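Below you'll find the structure, written out as C-alpha coordinates, and then a few comments.
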Amino acid sequence: QSALTQPASLSGSPGQSITISCTGTTNDVGGYNCVSWYQQHPGKAPKLMIYDVTKRPTGLSNRFSGSKSGNTASLTISGLQPEDEADYYCSSYTTNSPVVFGGGTKLTVL
Amino acid sequence: QVQLVESGGGLVRPGGSLRLSCAASKFTFSDYYMSWIRQAPGKGLEWVSYISGSSTYTKYADSVKGRFTISRDNFRSSLYLRMNSLRAEDTAVYYCARARSGSFFGSFYFDYWGQGALVTVSS
(Lines give C-alpha, C1' and ligand atoms only; values in the text may rest on other atoms or scores of the structure.)
Protein backbone atom coordinates (compact mmCIF):
# COMPACT_ATOMS: atom_id res chain seq x y z
CA GLN A 1 0.00 0.00 0.00
CA SER A 2 1.44 3.34 -1.10
CA ALA A 3 1.88 6.12 1.40
CA LEU A 4 0.37 8.61 -1.04
CA THR A 5 -3.12 8.02 -2.41
CA GLN A 6 -3.97 8.68 -6.05
CA PRO A 7 -7.09 7.76 -8.02
CA ALA A 8 -6.41 4.56 -9.94
CA SER A 9 -7.79 5.96 -13.18
CA LEU A 10 -9.16 9.12 -14.76
CA SER A 11 -10.38 9.98 -18.22
CA GLY A 12 -11.00 13.10 -20.23
CA SER A 13 -11.68 14.28 -23.74
CA PRO A 14 -9.26 16.20 -25.93
CA GLY A 15 -9.25 19.89 -25.04
CA GLN A 16 -10.61 19.34 -21.54
CA SER A 17 -8.78 19.97 -18.29
CA ILE A 18 -8.27 17.23 -15.74
CA THR A 19 -6.82 17.22 -12.24
CA ILE A 20 -5.05 14.29 -10.62
CA SER A 21 -4.96 14.31 -6.84
CA CYS A 22 -2.31 12.98 -4.48
CA THR A 23 -3.34 12.72 -0.86
CA GLY A 24 -0.97 12.20 2.04
CA THR A 25 -0.60 13.45 5.59
CA THR A 26 1.14 16.18 7.53
CA ASN A 27 4.18 13.88 7.58
CA ASP A 28 4.62 14.15 3.85
CA VAL A 29 2.54 16.15 1.36
CA GLY A 30 1.08 18.50 3.94
CA GLY A 31 4.28 19.12 5.83
CA TYR A 32 6.70 19.91 3.03
CA ASN A 33 6.65 21.67 -0.34
CA CYS A 34 8.47 18.74 -1.89
CA VAL A 35 5.93 17.13 -4.18
CA SER A 36 6.96 16.05 -7.66
CA TRP A 37 5.01 14.49 -10.53
CA TYR A 38 6.11 12.02 -13.19
CA GLN A 39 4.55 10.91 -16.46
CA GLN A 40 5.16 7.39 -17.72
CA HIS A 41 4.11 6.05 -21.10
CA PRO A 42 3.85 2.25 -21.47
CA GLY A 43 7.25 0.60 -21.65
CA LYS A 44 9.07 3.89 -21.14
CA ALA A 45 10.96 5.52 -18.30
CA PRO A 46 9.18 8.09 -16.12
CA LYS A 47 9.57 11.75 -17.04
CA LEU A 48 9.67 14.61 -14.56
CA MET A 49 6.72 16.98 -15.02
CA ILE A 50 6.57 19.04 -11.81
CA TYR A 51 8.86 19.47 -8.82
CA ASP A 52 8.64 21.39 -5.54
CA VAL A 53 4.83 21.37 -5.90
CA THR A 54 4.55 24.01 -8.66
CA LYS A 55 7.79 24.19 -10.65
CA ARG A 56 8.06 22.98 -14.23
CA PRO A 57 11.32 21.73 -15.76
CA THR A 58 12.69 23.95 -18.50
CA GLY A 59 10.96 23.32 -21.79
CA LEU A 60 7.92 21.53 -20.40
CA SER A 61 4.55 22.62 -21.71
CA ASN A 62 2.70 25.10 -19.50
CA ARG A 63 -0.38 22.92 -19.96
CA PHE A 64 0.94 21.06 -16.92
CA SER A 65 0.68 22.76 -13.54
CA GLY A 66 0.95 21.72 -9.91
CA SER A 67 -0.62 22.92 -6.69
CA LYS A 68 -1.19 21.90 -3.10
CA SER A 69 -3.85 22.45 -0.49
CA GLY A 70 -3.40 20.94 2.94
CA ASN A 71 -2.46 17.29 2.64
CA THR A 72 -3.45 17.01 -1.03
CA ALA A 73 -1.31 17.90 -4.02
CA SER A 74 -2.72 18.15 -7.52
CA LEU A 75 -1.48 17.95 -11.09
CA THR A 76 -3.66 19.77 -13.60
CA ILE A 77 -3.41 19.14 -17.31
CA SER A 78 -5.19 21.71 -19.44
CA GLY A 79 -6.06 21.35 -23.11
CA LEU A 80 -5.83 17.57 -22.89
CA GLN A 81 -4.09 15.96 -25.88
CA PRO A 82 -3.95 12.33 -26.99
CA GLU A 83 -0.25 12.11 -26.11
CA ASP A 84 -1.08 12.95 -22.51
CA GLU A 85 -2.51 9.45 -22.14
CA ALA A 86 -0.10 7.83 -19.68
CA ASP A 87 0.41 6.83 -16.06
CA TYR A 88 1.11 9.66 -13.62
CA TYR A 89 2.87 9.31 -10.29
CA CYS A 90 3.25 11.80 -7.47
CA SER A 91 6.13 11.73 -5.04
CA SER A 92 6.91 13.47 -1.77
CA TYR A 93 9.47 13.77 0.96
CA THR A 94 8.33 12.15 4.19
CA THR A 95 9.56 12.20 7.75
CA ASN A 96 10.40 8.49 7.40
CA SER A 97 11.92 8.42 3.93
CA PRO A 98 13.45 10.89 1.48
CA VAL A 99 11.12 9.69 -1.27
CA VAL A 100 7.72 8.02 -1.36
CA PHE A 101 5.61 7.55 -4.48
CA GLY A 102 1.88 7.42 -4.94
CA GLY A 103 0.24 4.36 -6.44
CA GLY A 104 -0.15 5.99 -9.83
CA THR A 105 -3.07 7.20 -11.93
CA LYS A 106 -3.85 5.86 -15.38
CA LEU A 107 -5.07 8.73 -17.54
CA THR A 108 -7.14 7.88 -20.59
CA VAL A 109 -7.84 10.44 -23.28
CA LEU A 110 -11.14 9.47 -24.84
CA GLN B 1 21.37 15.60 -23.52
CA VAL B 2 21.91 13.68 -20.27
CA GLN B 3 22.16 9.93 -20.84
CA LEU B 4 21.79 7.12 -18.33
CA VAL B 5 22.14 3.53 -19.54
CA GLU B 6 21.55 0.60 -17.20
CA SER B 7 22.97 -2.88 -17.68
CA GLY B 8 23.40 -6.09 -15.74
CA GLY B 9 19.79 -7.20 -15.37
CA GLY B 10 18.73 -10.78 -15.86
CA LEU B 11 17.29 -13.92 -14.30
CA VAL B 12 18.59 -14.96 -10.90
CA ARG B 13 17.49 -17.60 -8.42
CA PRO B 14 16.11 -16.66 -4.98
CA GLY B 15 18.97 -16.06 -2.61
CA GLY B 16 21.28 -15.15 -5.46
CA SER B 17 23.16 -11.95 -6.25
CA LEU B 18 23.34 -9.50 -9.11
CA ARG B 19 25.08 -6.22 -9.82
CA LEU B 20 23.45 -3.50 -11.87
CA SER B 21 25.45 -0.77 -13.57
CA CYS B 22 24.42 2.61 -14.90
CA ALA B 23 26.67 4.49 -17.32
CA ALA B 24 26.15 8.25 -17.23
CA SER B 25 27.16 10.81 -19.81
CA LYS B 26 26.68 14.41 -20.93
CA PHE B 27 26.86 15.88 -17.41
CA THR B 28 29.39 16.21 -14.60
CA PHE B 29 28.57 12.98 -12.83
CA SER B 30 30.38 13.73 -9.58
CA ASP B 31 28.28 16.86 -9.00
CA TYR B 32 25.06 14.95 -8.52
CA TYR B 33 23.35 12.59 -6.14
CA MET B 34 22.19 9.47 -7.96
CA SER B 35 19.43 7.04 -7.15
CA TRP B 36 17.93 3.67 -8.00
CA ILE B 37 14.17 3.35 -8.33
CA ARG B 38 12.35 0.15 -9.19
CA GLN B 39 9.00 -0.86 -10.65
CA ALA B 40 7.58 -4.34 -10.24
CA PRO B 41 5.68 -5.67 -13.28
CA GLY B 42 2.36 -3.84 -13.59
CA LYS B 43 2.98 -1.93 -10.37
CA GLY B 44 4.01 1.55 -9.26
CA LEU B 45 7.36 3.14 -8.56
CA GLU B 46 9.40 2.38 -5.45
CA TRP B 47 12.47 4.35 -4.41
CA VAL B 48 15.36 1.99 -3.55
CA SER B 49 18.48 3.97 -2.67
CA TYR B 50 20.52 7.11 -3.19
CA ILE B 51 24.17 8.08 -3.00
CA SER B 52 25.80 11.49 -2.76
CA GLY B 53 28.22 12.79 -5.35
CA SER B 54 31.28 11.99 -3.27
CA SER B 55 29.78 8.71 -1.95
CA THR B 56 29.78 10.16 1.58
CA TYR B 57 26.04 9.68 2.06
CA THR B 58 23.92 6.69 1.17
CA LYS B 59 20.39 5.75 2.13
CA TYR B 60 18.17 2.75 1.48
CA ALA B 61 14.53 1.82 1.55
CA ASP B 62 13.66 -0.47 4.44
CA SER B 63 12.72 -3.19 1.95
CA VAL B 64 16.32 -3.54 0.72
CA LYS B 65 18.39 -2.37 3.70
CA GLY B 66 21.13 -4.82 4.54
CA ARG B 67 20.80 -6.66 1.22
CA PHE B 68 21.53 -3.99 -1.40
CA THR B 69 24.58 -1.74 -1.67
CA ILE B 70 24.77 1.37 -3.81
CA SER B 71 28.13 2.66 -5.01
CA ARG B 72 29.62 4.83 -7.71
CA ASP B 73 32.84 5.37 -9.64
CA ASN B 74 33.11 9.03 -10.57
CA PHE B 75 36.15 8.40 -12.76
CA ARG B 76 34.06 6.05 -14.89
CA SER B 77 30.84 8.09 -14.49
CA SER B 78 29.10 4.94 -13.35
CA LEU B 79 26.57 4.03 -10.70
CA TYR B 80 26.15 0.53 -9.30
CA LEU B 81 23.69 -1.48 -7.27
CA ARG B 82 24.88 -4.70 -5.69
CA MET B 83 21.89 -6.88 -4.82
CA ASN B 84 22.32 -9.85 -2.48
CA SER B 85 19.89 -12.34 -0.97
CA LEU B 86 17.45 -11.64 -3.75
CA ARG B 87 13.78 -12.48 -3.25
CA ALA B 88 10.89 -12.96 -5.64
CA GLU B 89 9.51 -9.58 -4.55
CA ASP B 90 12.68 -7.89 -5.84
CA THR B 91 11.57 -8.72 -9.38
CA ALA B 92 11.27 -5.37 -11.13
CA VAL B 93 12.62 -2.98 -13.69
CA TYR B 94 15.38 -1.03 -11.98
CA TYR B 95 15.85 2.57 -13.08
CA CYS B 96 18.92 4.68 -12.56
CA ALA B 97 17.99 8.34 -12.04
CA ARG B 98 19.76 11.62 -11.47
CA ALA B 99 18.59 13.15 -8.20
CA ARG B 100 18.15 16.85 -7.56
CA SER B 101 17.70 18.47 -4.18
CA GLY B 102 14.20 19.68 -3.46
CA SER B 103 13.11 22.73 -1.52
CA PHE B 104 13.52 20.92 1.82
CA PHE B 105 16.93 19.60 2.89
CA GLY B 106 17.02 15.87 2.33
CA SER B 107 14.27 15.84 -0.26
CA PHE B 108 14.85 14.81 -3.84
CA TYR B 109 13.24 14.70 -7.23
CA PHE B 110 14.52 12.91 -10.32
CA ASP B 111 15.11 14.87 -13.49
CA TYR B 112 16.63 12.22 -15.74
CA TRP B 113 15.99 8.48 -15.86
CA GLY B 114 17.57 5.59 -17.70
CA GLN B 115 15.58 3.12 -19.75
CA GLY B 116 15.66 0.51 -16.99
CA ALA B 117 17.08 -2.97 -16.44
CA LEU B 118 14.81 -5.93 -15.75
CA VAL B 119 15.70 -8.15 -12.82
CA THR B 120 13.74 -11.38 -12.48
CA VAL B 121 14.11 -13.47 -9.35
CA SER B 122 12.72 -16.93 -9.92
CA SER B 123 13.64 -20.57 -9.50
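The values are calculated or read from the model by the stated rules, or taken from the named source; none is laboratory data. Predicted, not measured: the structure shown is a model, and the values here were computed from it. Every residue, glycine among them, receives a Cβ derived from its backbone with ideal geometry; neighbour counts consider all protein chains shown.
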**Message:** Given (1) more than 8 Å from chain B (Cβ to nearest Cβ); (2) within 18 Å of B:Phe108 (Cα to Cα), identify the lone condition not met by A:Leu110.
**Reply:** (2)
**Complete:** Residue set B:Ala92, B:Ala88; condition surrounded by fewer than 19 Cβ atoms within 10 Å (Cβ to Cβ), of a type in the set (A, V, I, L, M, F, W, C) and touching a strand residue (DSSP E or B) at 6+ places or on another chain (Cβ under 8 Å); output residue B:Ala88
**Message:** Can you go through B:Ser71, B:Ser30, B:Ser85, B:Ser103 and tell me which one is over 29 Å from A:Pro42 (Cβ atoms) and in a strand (DSSP E or B)?
**Reply:** B:Ser71
**Prompt:** Does at least one position in region B:71-87 carry a residue that is within 14 Å of chain A (Cβ to nearest Cβ) and at pLDDT 95 or above?
**Reply:** no
**Request:** Six or more apart or on different chains, Cβ under 6 Å: which pairs go from a residue in region B:71-84 that's touching a residue at least 24 places away in the same chain (Cβ under 8 Å) to one that's assigned to a loop (DSSP other than H, G, I, E, B)? Could you list them?
**Result:** B:Arg72/B:Ser55; B:Asn84/B:Ser17; B:Asn84/B:Arg67
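Just to be sure, is A:Ser11 away from chain B (no Cβ under 14 Å), polar (S, T, N, Q), in contact (Cβ under 8 Å) with a residue 60 or more places away in the chain and surrounded by fewer than 17 Cβ atoms within 10 Å (Cβ to Cβ)?
So A:Ser11 fits the description; yes.
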**Complete:** All conditions in (1) more than 23 Å from A:Ala3 (Cα to Cα); (2) hydrophobic (A, V, I, L, M, F, W, C); (3) crowded, with 17+ Cβ neighbours inside 10 Å are true of B:Val5 except (3)
**Complete:** The residue that is surrounded by the fewest Cβ atoms within 10 Å (Cβ to Cβ), considering only those in region A:26-58 that are part of a strand (DSSP E or B) and among the basic types (Lys, Arg), is A:Lys55
**Item:** Residue list for region B:95-111, restricted to those being within 9 Å of chain A (Cβ to nearest Cβ) and crowded, with 22+ Cβ neighbours inside 10 Å
**Value:** B:Tyr95, B:Ala97, B:Ala99, B:Gly102, B:Ser107, B:Phe108, B:Tyr109, B:Phe110
**Complete:** Within region B:59-70, residues more than 9 Å from every other protein chain (Cβ to nearest Cβ) and either in contact with an Asp or Glu (Cβ under 9 Å, 6 or more places away or on another chain) or loosely packed, with under 15 Cβ neighbours inside 10 Å (or both) come out as B:Ser63, B:Val64, B:Lys65, B:Gly66, B:Arg67, B:Phe68
**Item:** Residue list for region B:68-110, restricted to those being of a type in the set (Asp, Glu) and over 14 Å from the mean Cα position of the chain (by Cα)
**Value:** B:Glu89
